[in-house]
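The values are calculated or read from the model by the stated rules, or taken from the named source; none is laboratory data. Keep in mind that this is a model prediction, so the values were computed, not measured. All Cβ positions, glycine included, derive from the backbone under ideal geometry; neighbour counts span all protein chains shown.
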Amino acid sequence: MKYRNLGKNLLAGLAISASGSAIAAGSAVDELLKALYQNGTIDKATYELVQKAAKAEDEQNRTQIREISVAESHKAAGDALAKSKAGKPTVTMGGKIQLDAGAVNEDIAAHNSGTEIRRARFFAKGTLDKDWGYKLQYEFASTKEANIDGILDAYIDYKPLNIRIGHFEEPFSLQNMTSDKYVTFTERAMSNIFTEGRNIGIQHIRTGDNWMIAGGIFGDGRSSSSETTDEGWGVSARGTIAPVNTENQKLHLGLSLAQRYTGDDGELNYSDRPETHITSKKIVSTGNIKAHGLTRGALEAAFVSGPWHTAAEYYHTDIDRNDAGLSDLTFTGYYVETGLFLTNDQMNYSGKGGKFGKISPNGDNGAWQIAARLSNIDLNDADITGGEADSLTLGLNWFATPSIRFSANYVNILDVDGGITTTPGDNPEAFTLRSQVAF
Amino acid sequence: MKYRNLGKNLLAGLAISASGSAIAAGSAVDELLKALYQNGTIDKATYELVQKAAKAEDEQNRTQIREISVAESHKAAGDALAKSKAGKPTVTMGGKIQLDAGAVNEDIAAHNSGTEIRRARFFAKGTLDKDWGYKLQYEFASTKEANIDGILDAYIDYKPLNIRIGHFEEPFSLQNMTSDKYVTFTERAMSNIFTEGRNIGIQHIRTGDNWMIAGGIFGDGRSSSSETTDEGWGVSARGTIAPVNTENQKLHLGLSLAQRYTGDDGELNYSDRPETHITSKKIVSTGNIKAHGLTRGALEAAFVSGPWHTAAEYYHTDIDRNDAGLSDLTFTGYYVETGLFLTNDQMNYSGKGGKFGKISPNGDNGAWQIAARLSNIDLNDADITGGEADSLTLGLNWFATPSIRFSANYVNILDVDGGITTTPGDNPEAFTLRSQVAF
Amino acid sequence: MKYRNLGKNLLAGLAISASGSAIAAGSAVDELLKALYQNGTIDKATYELVQKAAKAEDEQNRTQIREISVAESHKAAGDALAKSKAGKPTVTMGGKIQLDAGAVNEDIAAHNSGTEIRRARFFAKGTLDKDWGYKLQYEFASTKEANIDGILDAYIDYKPLNIRIGHFEEPFSLQNMTSDKYVTFTERAMSNIFTEGRNIGIQHIRTGDNWMIAGGIFGDGRSSSSETTDEGWGVSARGTIAPVNTENQKLHLGLSLAQRYTGDDGELNYSDRPETHITSKKIVSTGNIKAHGLTRGALEAAFVSGPWHTAAEYYHTDIDRNDAGLSDLTFTGYYVETGLFLTNDQMNYSGKGGKFGKISPNGDNGAWQIAARLSNIDLNDADITGGEADSLTLGLNWFATPSIRFSANYVNILDVDGGITTTPGDNPEAFTLRSQVAF
């Protein structure tokens, strides 16, 4: 019989295959093919071509298996990661350290020179059940000295309605809303003391690609430290628009307004250092002023064109002392700053946030920026002589990476009229070096 | 010859296949089939049906490859995740923020109204080498005001022996052991001042499905602030049982006992606010009492039935003033509370923990609960007139998600007899709004 | 016709297959085989053997699919994990808790006994853009008492140049550079008060396998608390070498040198507790000394041989009072300690760091160590009688796991000459128990 020995042959073939590392895919087709060729059902050409097809198919199968495997694996790995986090509120943690070394070249008043941890903050933030967010941020530096609890942000966001409840910055002023990590100089201009800072309140915000408007109602501070006097409260609102908002050029215009009732036995107090934090000595200071409330505003403008930017703000504060039978007071301040990147970099303006953000250097050697600022504050009005000061600041920034920044600032207090020093014309100079990491 | 052109035909077929995006699995069988059909070995019906079978098989193969891939991928992804964490002590981090706004409708004594960060806590906890656990929790809010270090939990668990060493809550009282995140009202009942709070000690705990018993020996506070006087120490024990512990109904009974020696120059001081933290003014206060030690107990009962619950505790404190040659003092307090979920939700009672826990709303709109509480504290005894106060609290809770809770509380202090106000019958009312996030 | 019924048969076969859970891979070959066998093209032996080959091939295919899947899956999972972390600065978090219970057997001066949280620290550290590193560490314990901000480490590393900028330990002394988690006794020897601790500065470090040298320039403390007086500054350097550095034996030699200018109105103050922190009462104390600056050095030696180790340091401090018209002062101190592991463990000396590190027990029952220390401090010189004290400490350590440690220390203050007690020869004893977790 023509297929007498087929069985034996196939058995031998299988044995050989089994002793190899793997039976090739398509081996059954191979065996059948061999049998059909040997018993004359198919010719040699057919035998060889089908064999070739089987081999190609085998190769193809492996490739396909690998492709399916890769696709499925990546999906599965993503799923497993997501699952390992799912159902749990997300907690992202980070913080920053700012280290200062500074010297004050004293003129009339004595000042401190030395080193300090300017800021050391840690935060946790995250998202809960999709619609809710939160942030808790704490300041570890200088809380003893300032005799405050270091809680900064402590809020809850309800995203569908753009509502924020908690302890956070009242919306006011460009330099104030811009993080201290990204402001141009080591300290904000003196006029920043006219901003309210953080209070406990509720805020609504609406944003477009080149505008934002935020408004809220706020209580007074982070703790209820008083036993018997009611706290103050106020309202703040800020609107900004960027009529020019191209990749290369940005024009920012903004207006901030706020009103505040200062609570039972209300008192206000304005003072500031010479635009370096290394000394605790204030150069302007009103002392305590009995007041019923205040109204204030800030006009903001900024322009970015390629590596160059300029920004300016004007602050106006009216203090209502009517209850104390005294005339109202008006304090003002302003600054104009300009900066130029020496590298192929740009200030990171956000039309949606109406403020400047993180600088991620384009080149391998980081971003280098030079800058200058003229700054004024006037705390002299009526019977109050808190002092008027003008200053000129020159700055050099090196953004080594998106996380690491070094800055050198020279501040020349051009003149102090009134304020802490009875001798007019105090003219100190300050030099500050900052190292900063944000993680 | 009948199969003369088979080779050419097959070659053409392969070429076509190769020019396509992929050679179909089973193409070798296809080719063989075609050859056998063309040379008359098989008929048309066989040809078509085997072709159909090949196609189905091919489909099947892909599905199977996909299934195996998915299974293996998930296992692999899980392994990779586990491996990335293995060998390292686990560190889980979380915290909470409680934001309050409150107003006190004063009667005789003046109180504060305003806003505050009630609690802002951050913790790290985890497991080490399987048998050991730890927790470190810090309170960032109100530490300046209270002039304390904010360390709350700071302990080590040895799980095989159910032993805890460190700074943690002495086991005492249902409302005290229940987290402030999950108590029914924004503040615990006034009588909670009779609990000891956290001290440094060592505790053993045993639990069953519907019972627990815990006991420990504890030192005094978190720091050794004194130079020359020895600290006090005490023992605390708590046992609870849930004779009814079905899915729908839970009956809780508990007993807490504690004794404490108050240390060299021992002094005790009991006082409390009007069940809102927004005012710092106390409505009852004993002032400092020289004492040698104290013994106290609490009787606990609670019942949960579907959406409804009620809970009550009675506190008894005996103060030993024998050393000072004065008669002993007895102070007492109690509360009765009841709550009703308007949604399909229930208080989360744990028989193992003998306390209430996290509320995870069943519906998409969260869980809504109304509640009322009657509360009493009596700090009048012998020569001490710390005051006796009764209060009625009405509460509304919205557990928006397992992590987000809003509460509104109205507290009516029905009467204050003695205490801080010499005029009897002070009757303030307090309204508190709380926003809470736990992450 | 011989293949008349083939079609029907095959159809029936397909129907059966389809009704089963899956069409077996290779079913097309099976069907073809059956058809060829039934129409007599192949014999029974061939039929069965090809069937067997098809089955084996099928099995083989599944195995291969699984193998490819597993390989691809693991790669994919690794990729997904890496991708989920990539581009973000790394943040590793950890901390430690040290819980003490202690009693002082008073002799002349009164001391405190009790419990305290000795240390409760939390840190975040990580790497940024490969070249940069950072660490922020905070101490939560005892900051109120000590009236300090709790910031410990707060620095930035630039790895390519081995430079560290920020607030960190000045390089000085073996016991001071060794973490308090790994020093042999619960408190470092009294002479550790001669080390500078943490300041803000910049440091360069170079290391080999058995040597290190570090030097830096440092300001004064973490904050600029003064208004008008300039801070002090100093330089520190430390070099160590391990001439013997085998697996079993290590010989450490080190030299630390530091100079410091104490700033405007410079004052120094040296004092210490009786080598337990449970009492705040100091046994030696110079009070404030007006000084212009100081120079100091420490000589370090240590030897490890199997389970046994010994270590000794001598400290010498010269205080420059010339500006105050008074003679210079010299204060000294030393300690000699020795320890023996009762288990198969060894002190973890690092030649690269020039200090001792983490102890990871070899056995399942942890590492047990006994130790003794002789310690001296001499704060008597010229007109200053801060006191001279000698102490003997006996210690027992159980390193339960790499993260959990328990220690018991007995300290016998052999004698106090001068210092806080005017009656000479105060001889208190202290017993301290510590529980420690590091995560």
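Of all residues in the range C:394-405 being touching a Phe, Trp or Tyr at 6+ places or on another chain (Cβ under 9 Å) and within 14 Å of chain B (Cβ to nearest Cβ), which is surrounded by the fewest Cβ atoms within 10 Å (Cβ to Cβ)?
C:Trp398
Evaluate the range A:140-159: report whether one residue or more is under 30 Å from A:His204 (Cβ atoms), more than 10 Å from every other protein chain (Cβ to nearest Cβ), basic (Lys, Arg) and over 17 Å from the mean Cα position of the chain (by Cα).
Yes, that holds for at least one residue.
Which of the residues belonging to the range C:265-283 are touching a residue at least 60 places away in the same chain (Cβ under 8 Å) and among the aliphatic types (A, V, I, L, M)?
Once the filter is applied, which keeps residues that are touching a residue at least 60 places away in the same chain (Cβ under 8 Å) and among the aliphatic types (A, V, I, L, M), the range C:265-283 yields C:Ile278, C:Ile283.
Inside the range B:406-437, can you point out the residues that are surrounded by fewer than 21 Cβ atoms within 10 Å (Cβ to Cβ) and among the aliphatic types (A, V, I, L, M)?
B:Ala408, B:Leu414, B:Ile420, B:Leu433
Results for (1) surrounded by fewer than 21 Cβ atoms within 10 Å (Cβ to Cβ); (2) within 14 Å of chain C (Cβ to nearest Cβ); (3) part of a strand (DSSP E or B), shown as yes or no for each residue.
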| residue | (1), (2), (3) |
| --- | --- |
| B:Arg206 | yes, no, yes |
| B:Asp209 | yes, no, no |
| B:Ile217 | yes, yes, yes |
| B:Gly234 | no, yes, yes |
| B:Ala237 | yes, no, yes |
| B:Val244 | yes, no, yes |
| B:Gln259 | yes, no, yes |
| B:Ile278 | no, no, no |
| B:Lys282 | yes, no, no |
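Out of B:Leu340, B:Leu326, report the one residue that is part of a loop (DSSP other than H, G, I, E, B) and out of contact with any Leu (no Cβ under 9 Å at 6 or more places or on another chain).
The conditions single out B:Leu326.
Which one of the conditions (1) touching a Lys or Arg at 6+ places or on another chain (Cβ under 8 Å); (2) within 30 Å of C:Asn112 (Cβ to Cβ) does B:Gly197 fail to meet, given that it meets all the rest?
Of (1) touching a Lys or Arg at 6+ places or on another chain (Cβ under 8 Å); (2) within 30 Å of C:Asn112 (Cβ to Cβ), only one is false for B:Gly197: (1).
For the structure I just gave you, tell me whether B:Gly425 is away from every other protein chain (no Cβ under 12 Å) and part of a loop (DSSP other than H, G, I, E, B).
Against the criterion (away from every other protein chain (no Cβ under 12 Å) and part of a loop (DSSP other than H, G, I, E, B)), B:Gly425 qualifies.
Against the definition (more than 20 Å from A:Ala258 (Cβ to Cβ), modelled with pLDDT of 95 or more and not assigned by TED's automatic domain parsing to the domain that holds A:Lys281), how does A:Tyr134 come out, yes or no?
Criteria met by A:Tyr134.
Of all residues being free of Cβ contacts under 8 Å to residues at least 60 places away in the same chain and outside any strand (DSSP E or B) in the range A:104-131, which is nearest to the other protein chains (Cβ to nearest Cβ)? Just the residue, please.
It comes out as A:Asp129.
Tell me, please, whether a residue that is surrounded by fewer than 19 Cβ atoms within 10 Å (Cβ to Cβ), modelled with pLDDT of 95 or more and not in a strand (DSSP E or B) can be found in the range A:188-197. Explain how you work it out, then say what you get.
Taking the range A:188-197 first, the residues surrounded by fewer than 19 Cβ atoms within 10 Å (Cβ to Cβ) are A:197.
Within this subset, residues satisfying the condition of being modelled with pLDDT of 95 or more are none.
Looking for residues that are surrounded by fewer than 19 Cβ atoms within 10 Å (Cβ to Cβ), modelled with pLDDT of 95 or more and not in a strand (DSSP E or B), one finds none in the range A:188-197, hence no.
Please determine whether any residue of the range A:49-63 is facing chain B (nearest Cβ under 9 Å), β-branched (Val, Ile, Thr) and over 34 Å from the mean Cα position of the chain (by Cα).
Checking the range A:49-63: at least one residue is facing chain B (nearest Cβ under 9 Å), β-branched (Val, Ile, Thr) and over 34 Å from the mean Cα position of the chain (by Cα).
Looking at the range C:284-306, which of the residues that are within 25 Å of the chain's Cα centre (by Cα) and in contact (Cβ under 8 Å) with a residue 60 or more places away in the chain is nearest to C:Ile359 (Cα to Cα)?
This residue is C:Ala302.
Among the residues of the range C:144-187, how many are part of a loop (DSSP other than H, G, I, E, B) and modelled with pLDDT of 95 or more?
15
Are any residues in the range A:369-393 under 24 Å from C:Asp129 (Cβ atoms) and surrounded by fewer than 18 Cβ atoms within 10 Å (Cβ to Cβ), and if so, which ones?
Across the range A:369-393, the qualifying residue is only A:Ile370.
Counting only residues that are out of contact with any Leu (no Cβ under 8 Å at 6 or more places or on another chain) and not in a loop (DSSP other than H, G, I, E, B), which one in the range B:261-270 is nearest to B:His111 (Cα to Cα)?
Step by step, filter the range B:261-270, then rank; the result is B:Glu267.
Which condition number in (1) over 27 Å from C:Leu340 (Cβ atoms); (2) not in a loop (DSSP other than H, G, I, E, B) is the one that C:Gly419 fails?
Only one criterion is unmet by C:Gly419, namely (2).
Yes or no: the range B:428-436 includes at least one residue that is of a type in the set (S, T, N, Q) and under 29 Å from B:Ser256 (Cα atoms).
Scanning the range B:428-436, I find no residue that is of a type in the set (S, T, N, Q) and under 29 Å from B:Ser256 (Cα atoms), so the answer is no.
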